[in-house]
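One structure below.
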Amino acid sequence: MIRTALILVRPLLRAVDWTPLAWTWLASAAVIVTAALTRGAVVSCDAVVLSRLSAGAMGATAGFALVDPMAYSALATPVPRWLRMWLRTALAAGAALAGWGTNLALIAVFLPQGSPLLAGDLALEAATCVLTGLSGAAVAVRLRPRHGRSAALTGAAAQFALLTITLFLSAELWLWPLQDDPQWPVAHRLWLVLLPLPVACLALANGNRSSLGFFRCGPYARTTSSLLA
(Lines give C-alpha, C1' and ligand atoms only; values in the text may rest on other atoms or scores of the structure.)
Protein backbone atom coordinates (compact mmCIF):
# COMPACT_ATOMS: atom_id res chain seq x y z
CA MET A 1 0.00 0.00 0.00
CA ILE A 2 2.90 2.37 0.73
CA ARG A 3 4.30 1.70 -2.74
CA THR A 4 0.89 2.45 -4.28
CA ALA A 5 0.68 5.69 -2.32
CA LEU A 6 4.10 6.81 -3.54
CA ILE A 7 3.13 6.03 -7.12
CA LEU A 8 -0.06 8.09 -6.75
CA VAL A 9 1.64 11.23 -5.42
CA ARG A 10 2.88 12.56 -8.78
CA PRO A 11 -0.42 12.13 -10.68
CA LEU A 12 -2.35 13.61 -7.75
CA LEU A 13 -0.05 16.63 -7.67
CA ARG A 14 -0.99 17.23 -11.30
CA ALA A 15 -4.69 16.41 -10.83
CA VAL A 16 -5.33 18.61 -7.80
CA ASP A 17 -6.59 22.11 -8.52
CA TRP A 18 -4.08 24.30 -6.67
CA THR A 19 -5.44 27.58 -8.06
CA PRO A 20 -7.67 28.53 -5.07
CA LEU A 21 -4.84 27.91 -2.60
CA ALA A 22 -2.35 29.83 -4.73
CA TRP A 23 -4.61 32.86 -5.07
CA THR A 24 -5.41 32.79 -1.35
CA TRP A 25 -1.73 32.71 -0.48
CA LEU A 26 -1.02 35.64 -2.82
CA ALA A 27 -3.96 37.62 -1.42
CA SER A 28 -2.84 36.97 2.17
CA ALA A 29 0.72 38.02 1.36
CA ALA A 30 -0.59 41.17 -0.33
CA VAL A 31 -2.63 42.07 2.76
CA ILE A 32 0.42 41.61 4.99
CA VAL A 33 2.65 43.75 2.76
CA THR A 34 -0.03 46.43 2.44
CA ALA A 35 -0.51 46.54 6.23
CA ALA A 36 3.24 46.80 6.76
CA LEU A 37 3.75 49.55 4.17
CA THR A 38 0.74 51.50 5.43
CA ARG A 39 1.86 51.51 9.07
CA GLY A 40 5.62 51.27 8.53
CA ALA A 41 5.80 47.99 10.49
CA VAL A 42 3.61 45.20 11.78
CA VAL A 43 3.11 45.39 15.55
CA SER A 44 2.65 42.21 17.56
CA CYS A 45 -1.13 42.48 17.91
CA ASP A 46 -1.53 43.04 14.17
CA ALA A 47 0.81 40.11 13.50
CA VAL A 48 -1.48 37.76 15.44
CA VAL A 49 -4.57 39.02 13.62
CA LEU A 50 -2.91 38.72 10.21
CA SER A 51 -1.70 35.20 11.05
CA ARG A 52 -5.23 34.15 12.01
CA LEU A 53 -6.77 35.65 8.89
CA SER A 54 -4.23 33.81 6.76
CA ALA A 55 -4.89 30.52 8.58
CA GLY A 56 -8.65 30.81 8.17
CA ALA A 57 -8.39 31.68 4.47
CA MET A 58 -5.90 28.91 3.71
CA GLY A 59 -8.09 26.39 5.54
CA ALA A 60 -11.16 27.47 3.61
CA THR A 61 -9.55 27.05 0.21
CA ALA A 62 -7.60 23.88 1.02
CA GLY A 63 -10.84 21.94 0.61
CA PHE A 64 -10.82 22.52 -3.14
CA ALA A 65 -7.93 20.07 -3.34
CA LEU A 66 -10.30 17.32 -2.17
CA VAL A 67 -12.62 17.71 -5.16
CA ASP A 68 -12.13 14.77 -7.49
CA PRO A 69 -13.86 15.33 -10.86
CA MET A 70 -13.16 11.67 -11.72
CA ALA A 71 -14.73 10.32 -8.53
CA TYR A 72 -17.30 8.17 -10.27
CA SER A 73 -15.20 7.06 -13.22
CA ALA A 74 -12.39 6.18 -10.77
CA LEU A 75 -14.57 3.64 -8.97
CA ALA A 76 -13.42 0.95 -11.38
CA THR A 77 -9.74 1.47 -10.58
CA PRO A 78 -7.88 -0.78 -8.11
CA VAL A 79 -7.01 2.19 -5.86
CA PRO A 80 -9.26 2.51 -2.80
CA ARG A 81 -11.05 5.81 -2.36
CA TRP A 82 -9.76 6.18 1.20
CA LEU A 83 -6.16 6.08 -0.03
CA ARG A 84 -6.78 8.67 -2.75
CA MET A 85 -8.62 10.96 -0.35
CA TRP A 86 -6.05 10.70 2.43
CA LEU A 87 -3.31 11.50 -0.06
CA ARG A 88 -5.28 14.51 -1.30
CA THR A 89 -5.85 15.55 2.32
CA ALA A 90 -2.16 15.27 3.19
CA LEU A 91 -1.10 17.21 0.08
CA ALA A 92 -3.72 19.91 0.70
CA ALA A 93 -2.86 20.26 4.39
CA GLY A 94 0.85 20.42 3.61
CA ALA A 95 0.39 23.06 0.93
CA ALA A 96 -1.97 25.15 3.07
CA LEU A 97 0.31 25.07 6.11
CA ALA A 98 3.36 25.79 3.96
CA GLY A 99 1.56 28.81 2.52
CA TRP A 100 0.59 29.95 6.00
CA GLY A 101 4.18 29.44 7.18
CA THR A 102 5.57 31.66 4.44
CA ASN A 103 3.03 34.31 5.38
CA LEU A 104 4.11 34.09 9.01
CA ALA A 105 7.74 34.46 7.93
CA LEU A 106 6.72 37.53 5.94
CA ILE A 107 4.98 38.94 9.00
CA ALA A 108 8.13 38.34 11.06
CA VAL A 109 10.19 40.29 8.52
CA PHE A 110 8.04 43.37 9.08
CA LEU A 111 7.98 43.10 12.89
CA PRO A 112 10.04 45.66 14.80
CA GLN A 113 13.24 44.17 16.19
CA GLY A 114 12.68 42.44 19.50
CA SER A 115 8.91 42.10 19.08
CA PRO A 116 7.62 38.77 20.42
CA LEU A 117 5.85 36.34 18.13
CA LEU A 118 4.73 33.03 19.61
CA ALA A 119 4.99 31.08 16.38
CA GLY A 120 4.39 27.66 17.94
CA ASP A 121 1.02 28.66 19.40
CA LEU A 122 0.03 30.37 16.15
CA ALA A 123 0.99 27.21 14.25
CA LEU A 124 -1.38 25.23 16.51
CA GLU A 125 -4.19 27.64 15.60
CA ALA A 126 -3.33 27.40 11.90
CA ALA A 127 -3.25 23.59 11.94
CA THR A 128 -6.67 23.46 13.60
CA CYS A 129 -8.15 25.96 11.13
CA VAL A 130 -6.74 24.14 8.10
CA LEU A 131 -7.90 20.72 9.31
CA THR A 132 -11.33 22.13 10.14
CA GLY A 133 -11.70 23.48 6.62
CA LEU A 134 -10.53 20.18 5.16
CA SER A 135 -12.89 18.13 7.34
CA GLY A 136 -15.89 20.21 6.29
CA ALA A 137 -14.95 19.83 2.64
CA ALA A 138 -14.28 16.10 3.07
CA VAL A 139 -17.76 15.52 4.46
CA ALA A 140 -19.36 17.58 1.67
CA VAL A 141 -17.34 15.79 -1.02
CA ARG A 142 -18.24 12.42 0.51
CA LEU A 143 -21.96 13.15 0.53
CA ARG A 144 -22.11 15.05 -2.77
CA PRO A 145 -19.16 13.94 -4.94
CA ARG A 146 -20.88 15.09 -8.13
CA HIS A 147 -21.19 18.66 -6.89
CA GLY A 148 -17.51 19.41 -7.44
CA ARG A 149 -16.45 22.89 -6.35
CA SER A 150 -19.78 23.63 -4.70
CA ALA A 151 -19.03 20.80 -2.25
CA ALA A 152 -15.72 22.47 -1.39
CA LEU A 153 -17.56 25.77 -0.91
CA THR A 154 -19.87 24.00 1.52
CA GLY A 155 -16.85 22.89 3.50
CA ALA A 156 -15.49 26.45 3.54
CA ALA A 157 -18.86 27.78 4.70
CA ALA A 158 -18.94 25.20 7.51
CA GLN A 159 -15.45 26.24 8.60
CA PHE A 160 -16.32 29.93 8.75
CA ALA A 161 -19.57 29.15 10.56
CA LEU A 162 -17.69 27.22 13.24
CA LEU A 163 -15.04 29.94 13.57
CA THR A 164 -17.77 32.58 13.85
CA ILE A 165 -19.42 30.65 16.65
CA THR A 166 -16.16 30.74 18.63
CA LEU A 167 -16.33 34.56 18.62
CA PHE A 168 -19.33 34.33 20.97
CA LEU A 169 -17.77 32.02 23.54
CA SER A 170 -17.42 33.12 27.14
CA ALA A 171 -14.22 34.62 28.52
CA GLU A 172 -13.13 31.25 29.99
CA LEU A 173 -13.44 29.62 26.56
CA TRP A 174 -12.19 32.58 24.48
CA LEU A 175 -9.93 31.23 21.74
CA TRP A 176 -8.67 34.49 20.23
CA PRO A 177 -6.66 36.40 22.86
CA LEU A 178 -3.66 38.54 21.96
CA GLN A 179 -0.18 37.55 23.08
CA ASP A 180 -0.11 39.83 26.11
CA ASP A 181 -3.48 38.57 27.36
CA PRO A 182 -3.34 36.28 30.45
CA GLN A 183 -5.85 34.04 28.66
CA TRP A 184 -3.27 33.14 25.97
CA PRO A 185 -1.90 29.93 27.64
CA VAL A 186 -5.42 28.76 28.57
CA ALA A 187 -6.71 29.40 25.05
CA HIS A 188 -3.94 27.34 23.49
CA ARG A 189 -4.62 24.44 25.81
CA LEU A 190 -8.16 24.60 24.42
CA TRP A 191 -6.78 24.70 20.86
CA LEU A 192 -4.81 21.55 21.67
CA VAL A 193 -8.01 19.85 22.84
CA LEU A 194 -9.87 20.94 19.69
CA LEU A 195 -7.20 19.76 17.23
CA PRO A 196 -8.18 16.04 17.27
CA LEU A 197 -11.84 16.83 16.42
CA PRO A 198 -11.34 17.71 12.72
CA VAL A 199 -8.89 14.81 12.46
CA ALA A 200 -11.63 12.45 13.70
CA CYS A 201 -14.07 14.00 11.23
CA LEU A 202 -11.58 13.45 8.41
CA ALA A 203 -11.15 9.83 9.50
CA LEU A 204 -14.91 9.33 9.17
CA ALA A 205 -15.24 11.16 5.85
CA ASN A 206 -12.20 9.50 4.26
CA GLY A 207 -12.67 6.10 5.87
CA ASN A 208 -14.14 2.89 4.49
CA ARG A 209 -17.86 2.32 4.14
CA SER A 210 -18.23 0.01 7.13
CA SER A 211 -17.03 2.73 9.51
CA LEU A 212 -19.34 5.41 8.14
CA GLY A 213 -22.81 4.69 9.43
CA PHE A 214 -24.11 8.22 9.10
CA PHE A 215 -22.68 8.53 5.57
CA ARG A 216 -24.61 5.54 4.27
CA CYS A 217 -27.29 7.81 2.90
CA GLY A 218 -24.75 9.32 0.46
CA PRO A 219 -24.12 8.31 -3.14
CA TYR A 220 -21.13 6.17 -2.24
CA ALA A 221 -23.28 4.07 0.06
CA ARG A 222 -25.27 2.90 -2.93
CA THR A 223 -22.31 1.59 -4.88
CA THR A 224 -21.15 -1.99 -4.59
CA SER A 225 -17.60 -1.12 -5.52
CA SER A 226 -14.96 -2.90 -3.46
CA LEU A 227 -13.04 0.38 -3.35
CA LEU A 228 -15.17 1.54 -0.44
CA ALA A 229 -14.77 -1.67 1.52
Reduced to Cα centres, the span from segment 7-54 to segment 147-176 in Å works out to 19 Å
Given a Förster distance of 35 Å, the FRET efficiency implied by the Cβ-Cβ spacing of residue 23 and residue 170, rounded to the nearest 0.05, works out to 0.45
For segment 2-159, the per residue accessible area (1.4 Å probe, Å²) is 45 Å²
Excluding ligands, DNA and RNA, the carbon-plus-sulfur percentage of the accessible area of segment 1-122 with a 1.4 Å probe reads 73 percent
To the nearest 20 debye, segment 86-210 has a Cα-centred charge dipole, built from +1 on Lys and Arg Cβ and -1 on Asp and Glu Cβ, of 900 debye
Here, residue 102 and residue 193, labelled 7 Å along Cα→Cβ, have an inter-label distance in nm of 3.6 nm
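What net charge do the residues around residue 35 carry, taking every other residue with its C-beta under 14 Å from that of residue 35, with Lys and Arg at +1 and Asp and Glu at -1?
+1
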Per DSSP, the loop-located chymotrypsin sites (Phe, Trp or Tyr not before Pro) within segment 95-177 having at most 11 other beta carbons within 10 Å are 168
Charge tally for neighbours of residue 137 with beta carbon under 13 Å away, counting Lys, Arg as +1 and Asp, Glu as -1, is +2
Simple SL model, points at 7 angstrom along Cα→Cβ for residue 200 and residue 115; separation in nm is 3.8 nm
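The values are calculated or read from the model by the stated rules, or taken from the named source; none is laboratory data. Computed from a predicted model, the values in this text were never measured in an experiment. FYI the Cβ positions are ideal-geometry reconstructions off the backbone, even for glycines, and counts take in every protein chain you see. For the accessible areas, the whole protein counts, side chains as well, though only heavy atoms, and no ligand, DNA or RNA atoms are used. Shrake-Rupley method; radii C 1.70, N 1.55, O 1.52, S 1.80 Å.
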